[in-house]
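Asks: Before I ask anything, here is the structure I am working with.
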Amino acid sequence: RLFRSGEGDWVVGQVSDTGIGMPRDKMDQLFTEFYQVRSATAKAHEGTGLGLALSRHLVALHGGDIEVESTEGVGTTFK
């Protein structure tokens, strides 16, 4: 989803899924380079662990930030 902020000065984007979610104790490291959240119930996924770190950096270069909300068993929203 994309929408304007309440002030109308910013574009806000949200990406949500209905996947397995993430445990709260792992979320503080989520934007660290090469970090990957592992879960016993998750399928094995390949990747470098750079996607979220690079995304946050690019958004920060434009004066923004990325926040995450997640509930295990329900899903995750990045905004």
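The values are calculated or read from the model by the stated rules, or taken from the named source; none is laboratory data. Given the structure is predicted, the values throughout are model-derived calculations rather than measurements. For neighbour counting, all protein chains shown are included, and Cβ atoms are generated from backbone atoms with ideal geometry for every residue, glycine included. In case anyone asks, the SASA skips ligands and DNA or RNA and just uses the protein heavy atoms, side chains included. Shrake-Rupley method; radii C 1.70, N 1.55, O 1.52, S 1.80 Å.
Asks: Over the chain, what is the relative contact order in percent, taking alpha-carbon pairs closer than 8 angstrom and at least six residues apart?
Replies: Taking the mean separation of contacting Cα pairs over the length of the chain, I get 39 percent.
Asks: With each pseudo-label sitting 7 Å past Cα toward Cβ, what's the T77-R1 distance in nm, one decimal?
Replies: Between T77 and R1, the simple spin-label model gives 0.6 nm.
Asks: So what's the chain giving for Cα Rg divided by 2.2 N^0.38 Å, two decimals?
Replies: Working: Rg = 13.7 Å, N = 79, 2.2 N^0.38 = 11.6 Å.
With N residues counted in the chain, Rg over 2.2 N^0.38 Å equals 1.18.
Asks: Would you mind putting 3-11, 18-26 in packing order, based on average other-beta-carbon counts within 10 Å, highest first?
Replies: Peptide ranking by packing, descending: 18-26, 3-11.
Asks: Rounded to the nearest whole Å², what accessible area per residue is found for the chain with the 1.4 Å probe?
Replies: 78
Asks: Sticking with this one: For V12 and E33, what is the calculated FRET efficiency with R₀ set at 30 Å and r taken between the beta-carbons, to the nearest 0.05?
Replies: So the FRET efficiency works out to roughly 0.75.
Asks: Where the accessible area of the chain is counted over protein heavy atoms with a 1.4 Å probe, how much of it, in %, is carbon and sulfur?
Replies: Ligands and nucleic acids excluded, carbon and sulfur reach 53 percent.
Asks: Work out the length of the dipole vector of the chain about its Cα centre, built from +1 on the beta-carbon of each Lys and Arg and -1 on the beta-carbon of each Asp and Glu, and round it to the nearest 20 debye.
Replies: Here the chain has a charge dipole of around 200 debye.
Asks: Still on this model: At R0 = 22 Å, how high is the FRET efficiency between H62 and D25 if r is their beta carbon distance? Nearest 0.05 is fine.
Replies: Step by step, r from the Cβ atoms, then E = 0.15.
Asks: If you don't mind, there's one more thing I want to ask. If you plug each phi of the range 73-79 into the Karplus form 6.51 cos²θ - 1.76 cosθ + 1.60 with θ = phi - 60°, what whole-Hz ³J(HN,Hα) values come out, in order, with x for Gly and Pro?
Replies: x, 10, x, 9, 10, 9, 8
Asks: Also: Summing -39500 (n - 2.57) over the DSSP H runs of n ≥ 4 in the chain and dividing by its residue number, what mean residue ellipticity at 222 nm do you reach, to the nearest 500 deg cm²/dmol?
Replies: Calculated mean residue ellipticity at 222 nm is -4000 deg cm²/dmol.
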